Amino acid sequence: MSDTSDPTSDRPGDPSGDASGDDVRDELPADLDARGHVGPYRFPDNSRRRVPGVLYLAIAVLCATAWFAAGDDAPLVNDGFLFAAIVLAAVGAFSIAAGWRLGIDEKGALERASAIVGWPIGHASAQLAWRGLRSRPTWRVLCYSAEEPPRRRGFVLIDAVDGREVDHVVEDNPEDWAETTR
């Protein structure tokens, strides 16, 4: 019986990579992988950060408990457990504090941006970013007016938690579209 898989296969029988299976590659979680998705894409809620935050806090409690219970003469538990507990508690507290629940999605951000700039939006792009010490989610919306070619453009920052306007800039479009409209 002969092996028909390619030696550059990632998975056994897959002709696209290493057949040995030794080459492990990172891949997106299923809810973030948009390949093959049909229909509107739902951006994952930022409040998912709270789950690992609670896990970090639980592990910090276990580390601190082990350090307190072991005492000074324990061969396997040393001051590193206390240091790990402090670091994990800080990271866990930050993860919980930064786990904002999104109040508006990208569609709501585009609608809000249209109302802020005051003209119908043609081409636009919405990107989620984070600002401040607690990483408050903010939609960054770059938008062009609906005319062909667009006469105006705008950049709008919208708070993703409560939908309020953070800032915006609107200007005439300085790009020369004369060569592309012929």
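The values are calculated or read from the model by the stated rules, or taken from the named source; none is laboratory data. Because the structure is a prediction, the values reported are computed rather than measured. Cβ: placed from backbone, ideal geometry, glycine included. Neighbour counts: every protein chain shown.
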Across segment 164-182, the tally of residues that are at pLDDT 90 or above and part of a loop (DSSP other than H, G, I, E, B) stands at 1
Just one listed residue, out of L157, L142, is aliphatic (A, V, I, L, M), crowded, with 17+ Cβ neighbours inside 10 Å and assigned to a strand (DSSP E or B), and it is L157
Residues of segment 105-123 being surrounded by 19 or more Cβ atoms within 10 Å (Cβ to Cβ) and touching a helix residue (DSSP H, G or I) at 6+ places or on another chain (Cβ under 9 Å), in sequence order, are I121
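So is A115 outside any strand (DSSP E or B) and without any contact (Cβ under 8 Å) to a residue 12 or more places away in the chain or not?
Yes.
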_Could you go through segment 147-169 and let me know if any residue there is free of Cβ contacts under 8 Å to residues at least 12 places away in the same chain and either more than 27 Å from V54 (Cα to Cα) or not acidic (D, E) (or both)._
yes
For segment 46-93, the count of residues that are surrounded by fewer than 13 Cβ atoms within 10 Å (Cβ to Cβ) and farther than 30 Å from R131 by Cβ equals 13
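Taking the condition closer than 24 Å to R50 by Cβ and either at pLDDT 90 or above or not in a helix (DSSP H, G or I) (or both), does A93 pass?
Details: closer than 24 Å to R50 by Cβ: yes; either at pLDDT 90 or above or not in a helix (DSSP H, G or I) (or both): yes.
Against the criterion (closer than 24 Å to R50 by Cβ and either at pLDDT 90 or above or not in a helix (DSSP H, G or I) (or both)), A93 qualifies.
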